[in-house]
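S.K.: A single structure is presented below for examination.
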Amino acid sequence: MPNEKNGKMFVRTGSGIFGYMWYIAIDMNDAVKQFLKKLPPESSFVLYSIPGSSHKPLAAGIFRAPDGLVTVDTFREYRFLYVLSGTGDYHDGTGKRRKLEPGSIVHRRPGLKHTIRRHTSSPWVDFFVTLPGPLFAPLSRYRFITDADVPVPPDAVLLGRIGSFLGSMRRSSAASVLEGFCSLIAVLRASYEARPKTRNEELVDAACTLLSEAPVNRVSIPDIAAELMTGYETFRKEFKRIVGVSPHEYHIRKKIEQAQAFLATGMTAREACGNLGYPDQFSFSKQFKRYTGMTPAEFRKRQRV
């Protein structure tokens, strides 16, 4: 396992319990086949990581899973996942469920339980990036990462960017890696934005922007529907179909994400509660724990460990 002491990076490869899963299925597109052929053939798992404190890693890699593997995790960090091959099902602790396929993007929020069930019909390969948890809230709030469950199929251009990103981690600083990740997300967003959208998808995108930009305010979902000039029931149903949760649930998520950002900077639970407009600290703590699995005080303490 190469390990550089001068500073910036170490690279780890391994097979372990995941076995030697190096095979190419006929259902993979040609671009994915060529991409995988360039990776180390002796391993099913490749990780590139910048050393740091144990609870705030900065890492990326390729994960090949055995047929039918089920993983249940709760991360302290934010983990971005992009499916290269295979199909499966995903659900999280708030009840959001979705199908996974090549091109699916999953933002695994810090502190939230996630389950992925991989199917046996085709080999599973994904690309992942792990970032410190406090980075998730601003990326999400300002819509730099999207919440729509719309796959962006892998192509040669996107895979080339992923390959370059992984390769650069061997010699980059943390700042360069973050810049590279943002550049990669920008490519994914451009692919998403370039696809033809229905009117309902455009309305939901606009609603997500409104809900993300004002997480500390009381929001009237019917008023948002009226502002977007659509019927409330149609809006609510289409929002849940495209995003995976109801508009009300989405708004609560944004408030909890903002609460995590506040607490990560050292703000007390009482201060975060007041800034987010909760009627009392008990209501805030109860909702925070439902979404993150821990109280605000516990979350704040873990950020200092």
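No lab work stands behind these numbers, since they all come straight from the coordinates. Every value quoted in this text rests on a predicted model; they were computed, and no experiment measured them. FYI the Cβ positions are ideal-geometry reconstructions off the backbone, even for glycines, and counts take in every protein chain you see.
S.K.: Please compute the modelled spin-label separation between Glu179 and Glu227, points set 7 Å along Cα→Cβ, answer in nm with one decimal.
M.R.: 3.6 nm
S.K.: What is the extension gain from Ser220 to Asp73, computed as 0.36 nm multiplied by their sequence separation minus the C-alpha to C-alpha distance, in nm to one decimal?
M.R.: Roughly 49.6 nm would be gained on extension.
S.K.: Between Phe282 and Asp155, what is the FRET efficiency for a Förster distance of 41 Å, r being their Cβ-Cβ separation, to the nearest 0.05?
M.R.: Efficiency for this residue pair is about 0.25.
S.K.: I need the chymotrypsin sites (Phe, Trp or Tyr not before Pro) found in the stretch 56-111, filtered to DSSP loop residues with at most 11 other beta carbons within 10 Å of theirs.
M.R.: Sites meeting the loop and neighbour criteria: none at all.
S.K.: Which of the residue pairs Lys96/Lys240; Lys96/Lys197; Lys113/Lys289; Lys113/Lys286; Lys99/Lys240; Lys38/Lys99 have a Cα-Cα distance greater than 21 Å in the structure shown?
M.R.: The pairs that break the limit, which is 21 Å between Cα atoms, are Lys96/Lys197; Lys38/Lys99.
S.K.: Report the equivalent ellipsoid semi-axes for the stretch 199-303 in whole Å, largest first, defined as the square roots of five times the eigenvalues of the gyration tensor built from alpha carbon atoms.
M.R.: 29, 13, 11
S.K.: If each residue's Cβ is checked for other Cβ atoms within 10 Å, how do Ile62, Ile185 rank with the fewest at the top? Don't skip to the end; give the middle numbers.
M.R.: On the way: Ile62 23, Ile185 17.
Least crowded to most crowded, the residues run Ile185, Ile62.
S.K.: Testing the spin-label approximation: label points 7 Å from Cα along Cα→Cβ at Asn200 and Ala297. State their distance in nm.
M.R.: 4.6 nm
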